[in-house]
Amino acid sequence: MITNLPTSTDYYTSGKELFNFAWETTASLLVEIDESYCGDDEQLKSEISEAYWAAAKRTLTTALTVMQQGVELIIKGRIAEVSPYLLISDAPSQWPSPYSGPIDFERFRTIDAQDLIRVHDTFSETKFGAKFVEKFHDLRVQRNTVLHSAAKSVSVTVAEVIDSVLYMHKSLFPDESWFKVRREFLRNAPSAQLGSDEFVTNTTCWEASFALKLLGRSQVESYLRVDKKQHLYLCPECLSDANMDGGFEHKLAALQPKGPQTTSLYCPVCDKSHSVTRKDCVDPECLGNVVTSDGNQCLTCAAWQPYDEE
Ligand SMILES: [Zn+2]
Ligand SMILES: [Zn+2]
């Protein structure tokens, strides 16, 4: 008999924790450099920036390595959905003895990372797509280079880490929005117990805005489910949840379907559509015509609207 059988949920949870760790590490680099920008001296900015990213190289390669481990755990979870016993490698003669009480699953050697895709595709009803498999192998090669060559020849950019986490999360959990998951992680983070939970929406929306700026239109469409070329608005729920001390100007929500009559606004951080009212903003300079469903606040400039008599 075997005890402590892992469930697919265990693997998914641990895998996403590693995704979050990789993301957090990368995001914190971005916040640091954002805060270090003092003044408008472009020359100084680019000098700081170059030195900064040279120093940050190790952090980024580590983030990518951690993310890859997360992917492996999640694939193990997929295999465990079929049966966790498929994760056991080694011939039966190598197994721990069954004659001295129950065997903890931990005592078995599990299959190597290089075999995960093959095992998954053999037993699972749906195989992984070719693009995913290619990306998985590329990341593994990169990880091995990092581990064995002290990363001298590996250069990883912020965009690569951000894109990789979003791509892998989307491929493995197509029904989830990464930013919603990320906000939950921030809500449960140790720092949230010290009062930073007030800012989880601000932080998540800041990160989503950064990804939106950094990534191409088709990547944004795939990961955030909004068209970055479309006019984007403030999300009413994020706006009311955010800490307004430093303002809140992250426009991430899109009218879906696009059109002048549409009253449904999708937010990638909430991962849901909010209903809105179409009405011109009172500020003549704003030109916005999308306001909260109660008509109280403009979702373009956040200005409060006067009480409507009708
Ligand atoms: Zn929202
Ligand atoms: Zn307005």
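Among what's in region 256-291 and is under 22 Å from L212 (Cβ atoms) and among the hydroxyl-bearing types (S, T, Y), pick the residue that is farthest from ligand 1 (Cβ to nearest atom).
T262
Take K258 and tell me if it is modelled with pLDDT of 95 or more, surrounded by fewer than 13 Cβ atoms within 10 Å (Cβ to Cβ) and in a loop (DSSP other than H, G, I, E, B).
Details: modelled with pLDDT of 95 or more: no; surrounded by fewer than 13 Cβ atoms within 10 Å (Cβ to Cβ): yes; in a loop (DSSP other than H, G, I, E, B): yes.
Criteria not met by K258.
A quick yes/no check of all residues on (1) polar (S, T, N, Q); (2) within 22 Å of R182 (Cβ to Cβ); (3) within 16 Å of ligand 2 (Cβ to nearest atom); (4) in contact with a Pro (Cβ under 7 Å, 6 or more places away or on another chain):
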| residue | (1), (2), (3), (4) |
| --- | --- |
| K228 | no, yes, no, no |
| L265 | no, yes, yes, no |
| C270 | no, yes, no, no |
| T292 | yes, no, yes, yes |
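Is there a residue in region 144-165 that is open to solvent by 60 Å² or more (accessible area, probe 1.4 Å), in contact with a Pro (Cβ under 9 Å, 6 or more places away or on another chain) and under 23 Å from Y12 (Cα atoms)?
no
Collect the residues in region 189-229 that are surrounded by 13 or more Cβ atoms within 10 Å (Cβ to Cβ) and not in a helix (DSSP H, G or I), keeping them in residue-number order.
A189, L215, R225, V226, D227, K228
What are the residues in region 292-310 that are within 14 Å of ligand 1 (Cβ to nearest atom) and open to solvent by 60 Å² or more (accessible area, probe 1.4 Å), if any?
Matches in region 292-310: S293 only.
The values are calculated or read from the model by the stated rules, or taken from the named source; none is laboratory data. Small disclaimer: the values here were computed from a predicted structure and weren't measured. No Cβ is skipped: glycine too gets one built from the backbone with ideal geometry, and neighbour counts run over all protein chains shown. Note: accessible area is taken over every heavy atom of the protein model, side chains too, but ligands, DNA and RNA are not part of it. Shrake-Rupley method; radii C 1.70, N 1.55, O 1.52, S 1.80 Å.
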